[in-house]
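> Here it is, the structure in full.
Derivation of every value follows stated rules applied to the coordinates shown; laboratory data play no part. As the structure is a prediction and not an experimental result, all values here were calculated from the model. As a convention, Cβ positions derive from the backbone with ideal geometry for all residues, glycine included, and neighbour counts pool all protein chains shown.
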Ligand code: KIV
């Protein structure tokens, strides 16, 4: 049974508004491939983000900056084939929306024309408000993303939490209100203090989805490889391991190597 009550009904932006109004928490995860998306969708996840975090966890880059529009579209096509219920949202990669409002509009439109995604996400507050307005005016749902914005890593110099001092906190609160006015259907709050996330969540009528932003957000999102424990070297405090797949995979592959060497695989039953 899904968190919205209807097992097969497609999740839309309206579902999220309703969930916020009813106090039903929204569950979201990232996905980058067909097989994983199919599993997450059938487990009942509400939203799948084809995150530009694929630059880190799929491509092995240090940052999300090298990810291209073509790559986002490629992964979104694969993810979408595995999804029948969840809403699929696609990250607009670095430099696909910063050059001009028109360029952003063209790229958001490209994602919607070339994939079956339900919306796009882009990082920034007031500075992207005009862009979000233009995109949403064309009927394309936009998810905002404020707090820690990984595409600005070279400006920050580190991945530390944001909004700890008053100026930063006020800016984040203002950005959230501006995003709502611009037409965003929800906002990701990344790595900000719980109390600030609570204040932001109470100040806007659209749902907030937290990552490292505490329990008061309207929903939560995690990067799939983090929550499945695929990377043992990455364990910030906001990541809870729901599985230990790195260990599972290690022991499965070791067993396979052993069986191949010992000639116990394949057996007669596994042969033709
Ligand atoms: O790219 C991504 O995975 C994200 C989430 C961390 C929200 O933006």
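> If you average the sequence gap of Cα pairs under 8 Å that are 6 or more apart and divide by the length of the chain, what percent do you get for the contact order?
Reported relative contact order: 15 percent.
> Take the alpha carbon gyration tensor of the chain, find the square roots of its eigenvalues, order them as a ≥ b ≥ c, and report rounded if a/c is under 1.5; if not, report prolate when a/b exceeds b/c, else oblate. Walk me through the numbers on the way to the answer.
Values: a/c = 1.73, a/b = 1.63, b/c = 1.06.
Taking the square roots of the gyration eigenvalues as a ≥ b ≥ c, the chain is prolate.
> Using a Gaussian network model of the chain whose springs link C-alpha atoms within less than 10 Å, name the residue from 186, 27, 205 with the highest mean-square fluctuation.
Answer for the Gaussian network model of the chain: 205.
> Please label the shape of segment 67-176 as rounded, prolate or oblate, based on the square roots a ≥ b ≥ c of the eigenvalues of the alpha-carbon gyration tensor (a/c under 1.5 means rounded; beyond that, a/b larger than b/c means prolate, else oblate).
On the way: a/c = 1.90, a/b = 1.66, b/c = 1.14.
Judged from the Cα gyration tensor, segment 67-176 comes out prolate (a/c at least 1.5, a/b above b/c).
> Mean-square fluctuation check for the chain, GNM, Cα pairs under 10 Å: which of 99, 228, 47 is largest?
99
> Okay, moving on. What shape does segment 219-272 take by its C-alpha gyration tensor, where a ≥ b ≥ c are the square roots of the eigenvalues and a/c under 1.5 counts as rounded, a/b above b/c as prolate, and the rest as oblate?
Values: a/c = 5.98, a/b = 2.89, b/c = 2.07.
The shape class here is prolate.
> Arranged by the count of other C-beta atoms within 10 angstrom, fewest first, what order do 164, 198 take?
164, 198
> Another question, then. Suppose the chain between residue 205 and residue 242 were pulled fully straight at 0.36 nm per residue; how much longer would it get relative to their current alpha carbon spacing?
Taking 0.36 nm per residue and subtracting the Cα distance, the gain is 10.3 nm.
> Can you work out the PRE-style zone for residue 43? Point 7 Å along Cα to Cβ, and I want the residues of segment 208-239 with backbone N under 16 Å.
Backbone N within reach: 220-231, 239.
> For residue 265 and residue 65, compute 0.36 nm times the residue count separating them, minus their Cα-Cα distance, and round to one decimal in nm.
The span from residue 265 to residue 65 would gain 67.7 nm if fully extended.
> Something else about it: Which of 242, 74, 256 moves the most in a Gaussian network model of the chain with Cα springs under 10 Å?
Among 242, 74, 256, the largest GNM mean-square fluctuation belongs to 256.
> What number results when the radius of gyration of segment 16-116, computed over Cα atoms, is divided by 2.2 N^0.38 Å?
The value comes to 1.12.
> If each residue's Cβ is checked for other Cβ atoms within 10 Å, how do 95, 87, 19, 69 rank with the fewest at the top?
95, 69, 19, 87
> If you don't mind, another one. How far is helix 34-43 tilted, in degrees, relative to the longest principal axis of the Cα atoms in the chain, given as a value from 0 to 90 rounded to the nearest 10?
Result, in degrees: 70.
> Okay, next question. State the antiparallel share, in %, of DSSP beta bridges confined to segment 13-243, rounding to the nearest 5.
Numbers: 1 of 30 bridges.
Here the antiparallel bridges make up roughly 5 percent for segment 13-243.
> Taking neighbour Cβ counts within 10 Å as the exposure measure, how do 233, 71 sort from fewest upward?
So the ranking, lowest neighbour count to highest, is 233, 71.
> Run the simple label-point estimate for residue 250 and residue 215 please: 7 Å along Cα→C-beta, distance reported in nm.
3.2 nm
> Using DSSP, restrict attention to beta bridges with both residues in segment 67-185 and report what percent are antiparallel, rounded to the nearest 5.
So the antiparallel bridges in segment 67-185 amount to around 10 percent.
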